[in-house]
Amino acid sequence: MAIELAPLPLPASADQSKFADFGREVKGVDPGSLSPEQLEDVKQALYQHSVLLFRGVNVTPEAQYALTKAFDPQSESYGHGNNKTESTKKSILHPDLKTIPRVPQVQLIGNGVVYDHEGLAEAKLKHPSHTTFHKTQVSPEDEANGVTRFYRWHIDAALYDLNPPKVTTLYGITVPKGSPQVVRYDDGTGEELPVPLGTTAFVSGKTMFDILPQELKSVAVRAKVKYAPHPYVWMAPARALPTGLGIESDGLELPSDELPEWEVERVKVFPVVWKNPVTGELHFEVHPCGAQELLVEPLPQGAKREGALFPDGAHLTNLKEVRELLYKMQRPGIAPPLVYPHDWLENDLVLFHNRGVLHTVVGAFKPDQVRAFHQCNLAASDEPLGPTPEDVQKWA
């Protein structure tokens, strides 16, 4: 039996024209017991539509791990390394993750205290909030009235030593109810976005690339980003912009000699845009918080030089300059009409193409609002593909 696909329920804020191919609900099949043919259909659908939703399904940690691994059978460890992130107490990710003991590739995330859960006698969970990561925060009065922010726009990736996962799976087990909130961008634009409480927000990397003006498309297809060693430790003392799209350049990052031991050959350098293995489309995929340098190739022979940025190539090492250029390129892609804020129900399973979207935690919960999710992604067996020479010739 072939899988059945239906469009995702988009919010009124969404630009329908930009979501024609984005997101599908998969109906009539159990994600834990897909036939080989159905699994292949799910794989194709994920790469074509970026986000897949299964509603009202029961998924064990073993089944979630197996489904995630099916996208990359050679992968094995959790995307940040089994238990490594949690044990690195200086890492900004340390408070957010609890490992399921018998399936260490699956993490328990959420809010509040969870008891007797999959081998964990007691797990104290904390929903990441902008109040601990942004340089500025909304006022207590505004927060009480439901105003919030995006936490951190990112791709799931260690960004050091390990390759970015191909897919992430999120399974909602306990989903607290509450009033909707309003995301305020607080960047001078006046932009806001109504969101369900505790949504996970997604944007398309393809759209982020597609809407760039030609001169920035040219930079994107010619550029690679070099990430900091142990970037989540490196960035931990720093604070983020109010949009959650990158870090303020206040010089607070840890110096390299204060980081855990690292090796130059394990530092990651990835293309700015990644090529979809099924559609061939280009997706803008940069984790702006971890970016440290940009390397831009010269224009290819025959390309128009008039109006081009960095026609002879460039190596940008000034952190403020790197961040400002990336922000200029990525900020249009998180505008309210381009954001899909998922409205979670219990027993929702969401798969997303981690090499095709950016996503973020949103909002804040009170301590007594218990939320429990299982997350799984696996460090990939290969690096993401960048643009082909033909792509560079076309867009440069």
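The values are calculated or read from the model by the stated rules, or taken from the named source; none is laboratory data. Please read these numbers as outputs of a predicted model, since none were measured by experiment. In this analysis, Cβ positions are derived from the backbone assuming ideal geometry, glycine residues included, and neighbour counts consider all displayed protein chains.
Quick notes
- Some residue of the range 135-153 being at pLDDT below 95 and either under 26 Å from residue 26 (Cβ atoms) or β-branched (Val, Ile, Thr) (or both): no
- Yes/no for residue 281 being of a type in the set (Asp, Glu) and in contact with a strand residue (DSSP E or B) (Cβ under 9 Å, 6 or more places away or on another chain): yes
- Count of the range 304-321 residues which are assigned to a loop (DSSP other than H, G, I, E, B) and out of contact with any helix residue (DSSP H, G or I) (no Cβ under 7 Å at 6 or more places or on another chain): 8
- Counting the residues of the range 146-162 that are in a loop (DSSP other than H, G, I, E, B) and of a type in the set (Phe, Trp, Tyr) gives 2.
- Listed by position, the helices (runs of 4 or more DSSP H) contained in the range 190-276 that have at least 3 residues being of a type in the set (A, V, I, L, M, F, W, C), within 26 Å of residue 313 (Cα to Cα) and in the same structural domain as residue 352 (by TED's automatic domain parsing) form an empty set.
- The one condition in (1) assigned by TED's automatic domain parsing to the domain that holds residue 194; (2) more than 20 Å from the chain's Cα centre (by Cα); (3) at pLDDT 95 or above that residue 360 fails to fulfil: (2)
- From the options 314, 303, residue that is more than 24 Å from residue 158 (Cα to Cα) and either in contact with a Ser or Thr (Cβ under 7 Å, 6 or more places away or on another chain) or at pLDDT 95 or above (or both): 314
- The criterion of at least 3 residues that are out of contact with any strand residue (DSSP E or B) (no Cβ under 8 Å at 6 or more places or on another chain), of a type in the set (A, V, I, L, M, F, W, C) and at pLDDT 95 or above is met, among helices (runs of 4 or more DSSP H) falling completely within the range 1-118, by 61-70.
- Residue tally, condition within 23 Å of residue 164 (Cα to Cα) and surrounded by 15 or more Cβ atoms within 10 Å (Cβ to Cβ), over the range 361-384: 11
- Among residues that are over 21 Å from residue 80 (Cβ atoms) and buried (at least 18 other Cβ atoms within 10 Å of the Cβ), residue 127 is not included.
- Selection within the range 241-276 - surrounded by fewer than 20 Cβ atoms within 10 Å (Cβ to Cβ) and on the phi > 0 side of the Ramachandran plot: 251
- The sole residue among 189, 132 that is of a type in the set (Ser, Thr, Tyr), free of Cβ contacts under 8 Å to residues at least 24 places away in the same chain, within 29 Å of residue 16 (Cα to Cα) and surrounded by fewer than 24 Cβ atoms within 10 Å (Cβ to Cβ) is 189.
- In this structure, residue 312 qualifies as surrounded by fewer than 15 Cβ atoms within 10 Å (Cβ to Cβ) and touching a residue at least 12 places away in the same chain (Cβ under 8 Å).
- Residue check, residue 296 outside the structural domain of residue 49 (by TED's automatic domain parsing), under 11 Å from residue 223 (Cα atoms) and modelled with pLDDT of 95 or more: yes
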